[in-house]
Each structure stands twice: as structure tokens, then as C-alpha cells.
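Here's the structure, in C-alpha cells; my notes come after.
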Amino acid sequence: MQGPLASLKVLDFSTLLPGPFASLLLADMGAQVLRIESPARPDLLRELPPHDRDVSASHAWLNRNKRSLALDLKQAEAVAVIHRLVREHDIVLEQFRPGVMDRLGLGYEALKAINPGLIYVSISGYGQTGPYRDRAGHDINYLALSGLASYTGRREGGPLPLAMQVADVAGGSLHGVIGLLAAVIARQQTGLGQYVDVSMTDCAFSLNAMAGAGFLACGVTPAPEAQMLNGGSFYDYYRSREGRWFSVGSLEPGFMGQLCEALKRPELAASGLSSKPEEQQALKQALQVEFEQRDFAELCSLFAALDACVEPVLSLGEAVGHPQLQARQVVAQVPRGDGSTQAQMACPLKFSGGLPAPRHIGARLGEHGDEVLRELGYSLEQIDQLRTAGVIG
């Protein structure tokens with residue numbers, strides 16, 4: 001199996017999470033991804049704990065199925081290598097601050113002149129325009145400026161530092177892949193590539209979804225624990241007797257009826273439809289009392305056979321062992337290169353035509369340098385000269 005993107009060849013200049021997660025999805029779907037890395041300033045993700053056999057587990061997952069070429073892009077000979085690569089690649093993915101690639105002679109206009117069909121995707125915190133284009137930032141900053149953090153969390157406790165990187169993944173990675181593939185489709189019609197500017201803050205702003213629509217059209221300002229889906233209604237988490245948690249999303253009357261029947265409190269069902277905040281809070285308190293009277297195992301058994309939109313909050317270990325996730329094969333065994341394998345999160349997309357089996361975990365820095373340069377026509381002597389000059393690592 002080659003995968004649906006087997007025809008695409010990607011030069012990936014990105015580091016850390018947003019760009020590499022985007023190129024991981026592409027590689028899992030069959031694209032040929034070549035990472036261009038600095039020999040002197042390795043991707044910090046390579047050092048991120050925990051480590052498995054001296055390799056960062058995060059790096060091993062995020063960069064599987066990709067080759068690595070270490071180039072000092074500040075040297076003219078390295079830029080010449082990129083120019084040769086661009087002739088036969090479809091896509092450039094980069095994550096530097098605006099202007100960096102231009103200063104290296106590797107900006108869109110320079111590379112477009114070599115390959116007019118090139119699709120060039122830039123992922124950055126704030127985008128290529130605007131007063132914040134050169135400003136540093138991290139996921140928590142993008143969520144703060146996009147408005148998302150203002151109504152996430154508890155009224156008394158304030159915003160919560162989320163455990164996953166929403167702006168990085170849902171913003172930079174997923175929107176980046178969407179934009180990239182849209183440009184591929186457009187190229188099929190015109191033969192021309194184009195530049196795709198992805199701002200993680202812009203993308204995070206779009207994730208305001210229903211709250212954003214309500215504010216822009218009707219002036220309704222969302223606040224913590226004030227909307228139906230952020231703790232302002234019974235749609236929330238509830239503790240069991242020993243302190244484990246359950247999610248309750250029984251919004252529709254049929255689901256609410258099953259929930260209340262299971263808890264032997266059928267009279268509570270009518271309150272689920274109320275739009276009055278005081279009635280919603282009273283319902284939440286009543287549900288919490290019922291949950292706290294029961295053990296986690298009892299509640300799991302109680303709701304397992306019901307279609308009530310009530311599910312336990314599982315640890316990662318419990319999630320991996322859950323029959324639904326096991327049936328979906330969300331864990332893949334990826335070759336390390338020594339005959340053994342490493343358990344990793346699998347590609348979440350399922351295709352009737354299948355996907356190629358994982359080929360290898362994240363490569364060592366510059367692992368495929370000689371191989372790539374030989375494919376470009378460099379002789380062994382030329383490769384040695386480039387290595388001696390510090391052009392390649």
C-alpha cells in the first residue's frame with residue numbers, strides 16, 4: 001500500500017510540534033517527507049523527556065516515516081542543495097518567524113522561480129502580516145489572544161492551562177494540512193502552486209465556533225461557566241464516591257431521561273431543558289449528589305448498557321485498553337531499526353484503500369544525508385567535501 005498522498009514530496013523545515021505534526025499526517029498517508037534540520041541547533045523535541053533507549057518518545061512518534069538531512073542553511077552550498085531538491089519536490093513546509101526563509105534565500109518567491117508548481121506553507125504564531133508578525137509566542141499565548149481562554153475554566157479559578165496544545169495542533173497542524181491539500185487540488189486545475197499563510201492565532205480564533213458566532217452576530221459575550229457547554233449547564237464532569245470522574249453530555253431529552261432513570265431520579269429530567277441558570281445549577285448539584293453516592297465501578301456498570309452520553313474519564317493507560325479504541329487500532333507498532341518496535345499513536349484516519357505500514361521511528365539527525373545527496377547526483381567525493389566544510393551534518 002502506498003497511501004493516498006504517495007505522489008507528494010515534502011521538504012519540511014519545521015521543528016517542535018505544529019509543522020512536524022502536519023508532516024506526520026502527510027507521511028502517514030504516504031507522502032515522502034524529508035526533514036531539513038540544522039546540524040548545529042537540533043530540534044529541541046529531540047531532547048524532550050521521556051526517552052526510550054536514549055530517543056525522545058515524542059520525537060520518535062512525531063517524526064516517524066520521515067527522512068532527515070542536516071544542512072547549515074547559512075552556507076551557500078546548502079542553499080544550492082535545497083534549490084536542487086525543490087526542482088523535484090511539491091511542497092515546502094516551514095515554521096520560522098516571518099522573513100527568516102527570505103533572508104536565507106529560500107523564501108517563496110525565490111523557490112517559486114525554480115519550481116512554479118511549488119506549494120509553500122508557512123506556519124507561524126501570528127501570521128505573515130500584522131503588528132505581531134515578529135512576536136514570540138506559545139500555545140497558551142495564542143489561546144489567550146484568540147479569546148478562547150476567556151471562557152474556558154471555572155469562574156472562581158480562571159482559565160485552565162490545557163493539557164494538550166490546541167493552537168499548535170488544531171490550529172497550525174490541522175489547518176496547515178487542510179490549506180496544503182486545498183492548494184494541491186488547485187494546482188491540479190492550474191498547474192501552479194501558491195503560498196499558504198497559516199497563523200496559529202487565526203486558526204485558534206476560528207475554534208471559537210458557536211461562541212464566536214453568537215458574539216459576532218448577536219453581541220453575546222461568553223464567560224466561564226455561563227454557556228451550555230462550558231459549565232453553565234449540567235453538561236459537565238461529576239465525581240464518583242472515591243473521587244473518579246464521569247462526563248455527562250446528556251443534552252437531548254432522550255439521553256437525559258435515561259440518565260435520570262439510571263440514577264433513580266426521573267423527576268430531574270425536566271430540568272435538563274431549562275434555560276434558567278438557577279435551575280441548571282440545582283440540577284448539577286442534584287446530579288453530583290447522586291454520583292458521589294456511587295463507586296466508579298458501579299457507575300461504569302450502570303451506564304455501560306445505556307445510550308445516555310455518560311462516559312468515565314479514563315487515564316491514558318485505561319484509554320489504550322478500552323475495547324473501542326482497541327477495535328479502532330489507535331496504537332501502532334513502529335520499527336526502531338534494530339528489529340524491535342515502539343508502540344506509538346497510530347494515524348487516526350482510516351481509508352478503504354488502506355495506509356502503508358509505519359516504516360521507522362523518527363530518524364537520527366542527518367541520518368539520510370548521504371542517501372539524499374546521492375539521489376541528487378552528488379558523488380561520494382562531493383559529499384565528503386560538503387561534510388568537511390560543515391555544510392552537512
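The values are calculated or read from the model by the stated rules, or taken from the named source; none is laboratory data. Everything numeric in this text was worked out from a predicted model, so none of it was measured. Heads up, the Cβs are rebuilt from the backbone with ideal geometry, glycines too, and the neighbour counts pull from every protein chain shown.
Search the range 10-27 for residues that are free of Cβ contacts under 8 Å to residues at least 40 places away in the same chain and pair each with any residue that is β-branched (Val, Ile, Thr) when their beta-carbon atoms are under 8 Å apart and the residues are at least 6 apart or on different chains.
As it stands, the answer is 27/10; 27/33, since those pairs meet every condition given.
Residue check: is residue 210 exposed (fewer than 13 other Cβ atoms within 10 Å of the Cβ) and free of Cβ contacts under 8 Å to residues at least 60 places away in the same chain?
Yes: the conditions hold for residue 210.
Failed condition for residue 48, given (1) in contact with a Ser or Thr (Cβ under 6 Å, 6 or more places away or on another chain); (2) farther than 27 Å from residue 330 by Cβ; (3) not basic (Lys, Arg), with all others met?
Result: residue 48 fails condition (2) only.
Do we find that residue 375 is among the acidic types (Asp, Glu) and either in contact with a Leu (Cβ under 9 Å, 6 or more places away or on another chain) or not assigned by TED's automatic domain parsing to the domain that holds residue 46 (or both) in this structure?
Details: among the acidic types (Asp, Glu): yes; either in contact with a Leu (Cβ under 9 Å, 6 or more places away or on another chain) or not assigned by TED's automatic domain parsing to the domain that holds residue 46 (or both): no.
Answer is no for this residue.
Going through the range 214-262 one residue at a time, which ones are touching a strand residue (DSSP E or B) at 6+ places or on another chain (Cβ under 6 Å) and among the hydroxyl-bearing types (Ser, Thr, Tyr)?
Once the filter is applied, which keeps residues that are touching a strand residue (DSSP E or B) at 6+ places or on another chain (Cβ under 6 Å) and among the hydroxyl-bearing types (Ser, Thr, Tyr), the range 214-262 yields 237, 238, 247.
Please count how many residues of the range 260-304 are of a type outside the set (Lys, Arg) and under 15 Å from residue 233 (Cα atoms).
Count: 19.
Against the definition (under 21 Å from residue 183 (Cα atoms), under 18 Å from the mean Cα position of the chain (by Cα), assigned by TED's automatic domain parsing to the domain that holds residue 102 and part of a helix (DSSP H, G or I)), how does residue 22 come out, yes or no? Don't jump to the end; show me each part of the working.
Values: under 21 Å from residue 183 (Cα atoms): yes; under 18 Å from the mean Cα position of the chain (by Cα): yes; assigned by TED's automatic domain parsing to the domain that holds residue 102: yes; part of a helix (DSSP H, G or I): yes.
Yes, satisfied.
Scan the range 107-122 residue by residue and report those that are in contact (Cβ under 8 Å) with a residue 40 or more places away in the chain and closer than 15 Å to residue 36 by Cβ.
Going residue by residue through the range 107-122, those that are in contact (Cβ under 8 Å) with a residue 40 or more places away in the chain are 108, 112, 115-122.
Correct list: 118, 120, 121, 122.
Please work out which residue is surrounded by the most Cβ atoms within 10 Å (Cβ to Cβ), limiting yourself to the range 257-292 and to residues that are under 36 Å from the mean Cα position of the chain (by Cα) and closer than 18 Å to residue 313 by Cα.
Going through the qualifying residues, I end up with 259.
Quick check on residue 40: is it in a strand (DSSP E or B), closer than 28 Å to residue 135 by Cα and among the small types (Gly, Ala, Ser)?
Judged against the criteria, residue 40 is not a match.
Yes or no: the range 192-207 includes at least one residue that is part of a helix (DSSP H, G or I), surrounded by fewer than 16 Cβ atoms within 10 Å (Cβ to Cβ) and not basic (Lys, Arg).
Yes: one or more hits.
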